[in-house]
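All of the numbers you see were taken from the coordinates with simple rules; none came from a lab. Computed from a predicted model, the values in this text were never measured in an experiment. Neighbour counts are summed over all protein chains in view; Cβ atoms, including those assigned to glycine, are modelled from backbone coordinates with ideal geometry.
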Amino acid sequence: MKAKREYRNRERTEVAVLDALVDRADDGMTVFELRAAVEAEIDDLEDALATLKTDGLIVVESDGDQTLIKPADRVIPEVPDEEPEESIGDWLRDRLPF
């Protein structure tokens, strides 16, 4: 899952961090997990996290043992209750004999 569209006009690393966090919104991610999920230099990742924290787009929680980073609720897109629309590939696969 990706972050809401209105948060996608940011620096590449910031968007990659938001997307990774939205995928694990309930559990959160450690800095090490983010480092593995986002292809960026450590300095760029630190800058992105600082900017996202300042802008209120991430939440940092610490339980003493580890620090987890989660996306702010407003960044997570709403999940529709209904099934997703059929893709063109699915439509063709259902209608063409193979």
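Any residue in the range 40-53 that's in contact (Cβ under 8 Å) with a residue 24 or more places away in the chain: show its pairings with residues that are outside any helix (DSSP H, G or I) and crowded, with 17+ Cβ neighbours inside 10 Å at Cβ separation under 6 Å, as long as the two are six or more apart or on different chains. Listed pairs, sorted by first residue: Leu52/Ile58. Taken over the range 46-60, the criterion of being surrounded by 15 or more Cβ atoms within 10 Å (Cβ to Cβ) and either in contact with a Pro (Cβ under 6 Å, 6 or more places away or on another chain) or under 21 Å from Arg5 (Cα atoms) (or both) is satisfied by Ala48, Leu49, Thr51, Leu52, Leu57, Ile58, Val59.
Checking each residue in the range 63-81 for being more than 17 Å from Asn9 (Cα to Cα) and in a loop (DSSP other than H, G, I, E, B) picks out Asp63, Gly64, Asp65, Gln66, Glu78, Val79, Pro80, Asp81.
If you take the residues in the range 28-39 that are touching a residue at least 24 places away in the same chain (Cβ under 8 Å) and farther than 12 Å from Val60 by Cα, which one is surrounded by the most Cβ atoms within 10 Å (Cβ to Cβ)? For the range 28-39, the residue satisfying everything is Val38. Checked against (1) assigned to a loop (DSSP other than H, G, I, E, B); (2) free of Cβ contacts under 8 Å to residues at least 12 places away in the same chain, Asp94 passes all but condition (1). Here Thr67, Thr13 are screened, and the one residue that is among the polar types (S, T, N, Q) and buried (at least 19 other Cβ atoms within 10 Å of the Cβ) is Thr13.
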